[in-house]
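Heads up, the thing below is written out as structure tokens.
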Amino acid sequence: MGKLEVIFTIRLAFPLLAMWRVVPPAVIQFAETGNTVRLEAPECIPAREPSVLEGFEQMTLHVERECTDEQGRDTSENNFERLHINHDAARAFWQLFEAIREAALRLNNTVFMYPVVPSENLRLNPLVRGCESEWIYNGESLEKTKTGKGIPTIQIEDDWWAAAVKRLGEENPVPVYTRFALDAIYFAEHDPPRGIIMACAAWENALRYYLANVASRRDPAYLLASKLVGIPRLYEFATTARGGLLFYDWIDKATGFERVALESFRQRMEKLGRVRNKLLHAGEMKVSEMAATDHALAVLSAIDWLFAIP
């Protein structure tokens, strides 16, 4: 058995406002994987030139473990994942900032607005601007990698601008349920559990609005139905008003890939409530980015179907 150490050097995506004394590192042990993560306090270290690591203060994370010679000398991405190196480094990173933010609330009654999300990949965490890692086995440096992250941009195309101008000119802002669904897609990448919660909020809000403002025009009883508790009850009345189960008329007319996609979305919607309930009642649940994104896209399609004229 030998000692493996992977050192992550991180450039933060936001500037740090702090006065540092000499402080001990944070140490988190993950018994289920055998990894120990040591996180040093951020330092104001000017970026080397040239450097792909752009950003603000620098943090250093050490992931240490015992392993076999075969594991220790295998620097492949598959072995990286098998040993949960990046996963545990990412977990320790966001848990540290979550604990710092909670401490600020308890000790100073302050809640900071920088994003703290349970990302399982350091490179995808919105607090990380750039990252490099060094794989060291029994004191020998075997591999170094560097990863930068592009600056988020705002893209506007001519037809997008025209559509937005038209919508606002008609005094028809984007409805709340659509905003929630768009937020669900955003959070699906950075915080999949929160993406599921937002997807459920979007669907419930859309069902209530549909019953109260569309279906009630035909039958005032739907206004009372809009106040019922729970998505299943709301969905039951909405499908009665809409004329059938989710996507029923779209699926009948669809062929090929479109039909497969709609049937997949229907299955996602059927599972959405159960996924949300497990998440809320169990306190924490593993939800992949892809699954959360698929649920959010299914909700967007379901909303379009709900308000489409049969």
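Of all residues in the range 80-119, which are among the aliphatic types (A, V, I, L, M) and either more than 30 Å from ASP69 (Cβ to Cβ) or not assigned by TED's automatic domain parsing to the domain that holds PHE8 (or both)?
The answer is LEU96, ALA99, ILE100, ALA103, ALA104, LEU105, LEU107, VAL111, MET113, VAL116, VAL117.
Determine whether CYS131 is hydrophobic (A, V, I, L, M, F, W, C), farther than 29 Å from MET290 by Cα and not assigned by TED's automatic domain parsing to the domain that holds PRO193.
no
Specify the residue that is surrounded by the fewest Cβ atoms within 10 Å (Cβ to Cβ); the eligible residues are those in the range 280-294 that are within 11 Å of the chain's Cα centre (by Cα) and modelled with pLDDT under 70.
Taking the candidates together, the pick is SER288.
With ASP159, ASP183 as the choices, which residue is acidic (Asp, Glu), more than 30 Å from CYS131 (Cα to Cα) and assigned to a helix (DSSP H, G or I)?
ASP159
Is it the case, given these coordinates, that SER119 is polar (S, T, N, Q) and modelled with pLDDT of 90 or more?
no
Go through the range 237-267 and count every residue that is of a type in the set (A, V, I, L, M) and either assigned to a helix (DSSP H, G or I) or outside the structural domain of ALA225 (by TED's automatic domain parsing) (or both).
Count: 6.
Regarding the range 74-81, can at least one residue be identified that is under 16 Å from LEU61 (Cα atoms) and at pLDDT 85 or above?
yes
Taking the condition touching a residue at least 40 places away in the same chain (Cβ under 8 Å) and surrounded by 11 or more Cβ atoms within 10 Å (Cβ to Cβ), does LEU105 pass?
So LEU105 fails the test.
Is it the case that the range 159-179 has a residue that's loosely packed, with under 11 Cβ neighbours inside 10 Å and closer than 29 Å to PHE14 by Cβ?
Within the range 159-179 (the criterion being loosely packed, with under 11 Cβ neighbours inside 10 Å and closer than 29 Å to PHE14 by Cβ), the answer is yes, since at least one residue qualifies.
Looking only at the range 6-38, which residues are in contact with a Phe, Trp or Tyr (Cβ under 8 Å, 6 or more places away or on another chain) and either in contact (Cβ under 8 Å) with a residue 60 or more places away in the chain or more than 19 Å from ALA89 (Cβ to Cβ) (or both)?
Across the range 6-38, the qualifying residues are VAL6, ILE10, ARG11, LEU12, ALA13, PHE14, PRO15, LEU16.
From (1) farther than 18 Å from CYS131 by Cβ; (2) touching a strand residue (DSSP E or B) at 6+ places or on another chain (Cβ under 9 Å), pick out the condition that doesn't hold for GLU5.
(1)
Any residue at all in the range 193-216 that is farther than 23 Å from LEU279 by Cα, buried (at least 19 other Cβ atoms within 10 Å of the Cβ), without any contact (Cβ under 8 Å) to a residue 60 or more places away in the chain and not basic (Lys, Arg)?
Yes, that holds for at least one residue.
Kindly establish whether PRO220 is modelled with pLDDT under 95 and either under 30 Å from the mean Cα position of the chain (by Cα) or under 18 Å from LEU280 (Cα atoms) (or both).
For PRO220, the condition - modelled with pLDDT under 95 and either under 30 Å from the mean Cα position of the chain (by Cα) or under 18 Å from LEU280 (Cα atoms) (or both) - is not met.
Quick one: is SER119 hydroxyl-bearing (Ser, Thr, Tyr) and in a loop (DSSP other than H, G, I, E, B)?
Answer is yes for this residue.
The values are calculated or read from the model by the stated rules, or taken from the named source; none is laboratory data. Computed from a predicted model, the values in this text were never measured in an experiment. Positions of Cβ are generated from backbone atoms using ideal geometry, with glycine treated the same way; all protein chains shown enter the neighbour counts.
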